[in-house]
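Worksheet: the structure to be examined is printed underneath.
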Amino acid sequence: MENDHLSLTFAALADPTRRAILARLAEGEASVSELSEPFEISQPAITKHLKVLERAGLISRGRQAQWRPCRLEVQPLREATGWMDQYRQFWEESLDRLEDYLIELQAKETRHGKRK
């Protein structure tokens with residue numbers, strides 16, 4: 001069910017540490033220790049964040065000998081962006097109509113103000 005995926009994606013994105021991890025992974029694969037470097041939290045805490053991101057499908061973990069790289073998975077982000085774009089389009093159209101209405105009101109005020 002798409003909404004379940006969206007809920008997992010948005011829940012994962014709600015945390016600034018997880019967003020920072022995704023930003024780092026957008027630059028390329030990284031190990032858990034590399035991902036934990038910029039944060040003042042324990043490696044087990046980073047691992048918990050990674051599990052949330054993995055459960056949401058936002059990252060995957062590989063295995064190359066001793067190294068277990070994490071990598072960004074973009075499909076859940078595409079789905080979330082597609083969902084948000086529907087609402088962005090709605091609000092842009094609504095704001096365009098509001099702008100047209102305000103321009104119309106200002107034009108009426110200008111015409112009525114000149115008659116006095």
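Can you find, among GLN75, THR110, SER7, the residue sitting farthest towards the positive end of the charge dipole of the chain, where Lys and Arg contribute +1 and Asp and Glu -1 at Cβ? Positive-most Cα among the choices belongs to THR110. Label sites at HIS5 and ARG71, each approximated as a point 7 angstrom past Cα along Cα to Cβ, lie 1.9 nm apart. Rounded to whole numbers, the Karplus 3J(HN,Hα) couplings from phi for the range 86-95 are 4, 7, 4, 4, 4, 5, 5, 5, 5, 5 Hz, using 6.51 cos²θ - 1.76 cosθ + 1.60 with θ = phi - 60°, and x at Gly and Pro.
Using 0.36 nm per residue, how much length does the chain from GLU99 to GLU54 gain when fully extended, once their Cα-Cα distance is taken away? Present the calculation step by step, with values, prior to reporting the outcome.
Values: separation 45, 0.36 × 45 = 16.20 nm, distance 4.30 nm.
Extending this stretch completely gives an extra 11.9 nm.
Across the range 33-50, the residues whose backbone nitrogen lies under 13 Å from the label position 7 Å along the beta-carbon direction of ALA23 are 38-39.
If you take the beta carbon distance between ILE41 and ARG61 as r and set R0 to 22 Å, what does 1/(1 + (r/R0)^6) give as a FRET efficiency, to the nearest 0.05? Could you put the intermediate results ahead of the total?
Numbers: r = 19 Å, r/R0 = 0.87.
Taking R0 as 22 Å, the efficiency between ILE41 and ARG61 is 0.70.
No lab work stands behind these numbers, since they all come straight from the coordinates. Computed from a predicted model, the values in this text were never measured in an experiment. Cβ coordinates were reconstructed from backbone atoms using ideal geometry, including for glycine residues, and neighbour counts include every protein chain displayed.
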